[in-house]
Structure formats: structure tokens, C-alpha cells
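> Sharing a structure below in C-alpha cells format, with a few things to ask.
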Amino acid sequence: MSFPEMTHCMQCGAPLIKRYLKDEGMIPYCPVCKAYRFPVFNTAISTIVMNEKRDHILLIRQYGRPGYILVAGYVNQGEDAEHTVCREVNEEMGLEVKKLKFNHSHYFKPTNTLMLNFTAIVKGDPNPNWEVDDWQWFTIEEARQAIRPHSLARDFLIGYLDGHYPF
């Protein structure tokens, strides 16, 4: 699957041309702005939410879809990824992030999204918002079994738990 190529400058709207850039190859170039225009993609976070004892993982179900996944969300323009994790965990589950650690990233081609995975140690009792259909604290071994099969959420969780990622 390939993505549509940028054909117009996102600043001025002028048609882009291909122009050689050393060490990069042929890159879209705006002759009006006199600037190279690199590909645009989404950025999102996914979060392995753990309790303070670090012996349980919170998994959620959303939007009527089957299977449990990780808390996730898109990074807003001008927002740091770390802030996004804290915001999403608080918005979706009403939990306060006490400690945060970056784990791994992966470009997810189906949605043209760079996914950034974190582990968040949280405080408080879950109070989910309208986006969450169901949630549950799982032991680490239960979480391995409960996470949606064949999903990026599973790849991130198992990669974190086992110390190696399939990508």
C-alpha cells in the first residue's frame, strides 16, 4: 500500500516539483516558497498503563470493537508526546500519571501514523469517559492473553514484557 504523494505546497498551495537534495534523493520542492516539503504523517501514542505496584495492566475496549487494547490517542499540534500520554490517560480513564517511560516506536502504515509507545504508572481509581466501552485491570500474564490478537497494541505490550519487538 502506498500513500498519495504530496502534489501541492502545504504553505502556499503552489504545485510541487521534484528536486534533488543531497543525501535525501528526489524530494518535493516548492518553487514559490523555495523550500523542500517532506512527507506529512500522523503521530500518536499508545500506553501500557500500570498500577503503582506494577503488577497489573489496564486494558480497554472502545467504539464497539471487540478485544482489549492499550490507551492511545493522537498527538495534538504543538503538544509533546509525553503530555499527550498524561492527557489521554486522564481524559479516557480519569487517572493521574505518576511516572512515564518511553518504550518503542513503530510506523503504522494502514493509518500513516508514527506510533510512540510508553509505559505509565498511574494513581487513582479508573473513571472512564464516553470513549471507553469497558476496562479491566489484568495481571501481567492475564494481559498477555487478553490483549487483542494481531494488533499493534499486542506487539507493543508483548515487546515491552519480553524485551524484543517484532518490528
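The values are calculated or read from the model by the stated rules, or taken from the named source; none is laboratory data. Everything quoted here is computed from the prediction, not taken from an experiment. Positions of Cβ are generated from backbone atoms using ideal geometry, with glycine treated the same way; all protein chains shown enter the neighbour counts. The accessibility values were calculated without ligands, DNA or RNA, using every heavy atom of the protein model including side chains. Shrake-Rupley method; radii C 1.70, N 1.55, O 1.52, S 1.80 Å.
> Quick check on my filter: what residues within the range 139-163 are more than 22 Å from Tyr107 (Cα to Cα) and open to solvent by 40 Å² or more (accessible area, probe 1.4 Å)?
To start, the set of residues in the range 139-163 that are more than 22 Å from Tyr107 (Cα to Cα) comprises 139-146.
Answer for the range 139-163, where residues must be more than 22 Å from Tyr107 (Cα to Cα) and open to solvent by 40 Å² or more (accessible area, probe 1.4 Å): Thr139, Ile140, Glu141, Glu142, Arg144, Gln145.
> So how many residues does the range 114-138 have that are assigned to a strand (DSSP E or B), open to solvent by 50 Å² or more (accessible area, probe 1.4 Å) and within 21 Å of Arg54 (Cβ to Cβ)?
Residues that pass the stated criteria total 4.
> Still on this structure, please answer the following. Under 8 Å by Cβ, and 6 or more places apart or on different chains, what pairs join a residue from the range 138-160 that is farther than 21 Å from Pro126 by Cα and modelled with pLDDT of 95 or more with one that is assigned to a loop (DSSP other than H, G, I, E, B) and aliphatic (A, V, I, L, M)?
Between residues of the range 138-160 that are farther than 21 Å from Pro126 by Cα and modelled with pLDDT of 95 or more and residues that are assigned to a loop (DSSP other than H, G, I, E, B) and aliphatic (A, V, I, L, M), the close pairs are Phe156/Leu70.
> How about the range 11-83: which strands (runs of 3 or more DSSP E) wholly inside it have at least 2 residues that are within 22 Å of Asn103 (Cα to Cα)?
Those strands (runs of 3 or more DSSP E) span 42-50, 56-62, 71-74.
> Still on this structure, I have one more. Could you say whether any residue in the range 73-80 is under 15 Å from the mean Cα position of the chain (by Cα) and of a type in the set (A, V, I, L, M, F, W, C)?
yes
> Examine the range 73-92 for a residue that is open to solvent by 30 Å² or more (accessible area, probe 1.4 Å), modelled with pLDDT of 95 or more and farther than 23 Å from Thr43 by Cβ, and state whether such a residue exists.
The answer is no, given that none of the residues of the range 73-92 is open to solvent by 30 Å² or more (accessible area, probe 1.4 Å), modelled with pLDDT of 95 or more and farther than 23 Å from Thr43 by Cβ.
> On the basis of being without any contact (Cβ under 8 Å) to a residue 40 or more places away in the chain, under 22 Å from Ala153 (Cβ atoms), in a helix (DSSP H, G or I) and of a type in the set (Asp, Glu), does Glu92 make the cut?
So Glu92 does not fit the description; no.
> While we're here: Which residue, of Leu100, Leu59, is open to solvent by less than 30 Å² (accessible area, probe 1.4 Å) and among the hydrophobic types (A, V, I, L, M, F, W, C)?
Leu59
> Inspect the range 32-39 for any residue being open to solvent by less than 70 Å² (accessible area, probe 1.4 Å) and on the phi > 0 side of the Ramachandran plot and give the result as yes or no.
No - not one qualifying residue is present in the range 32-39.
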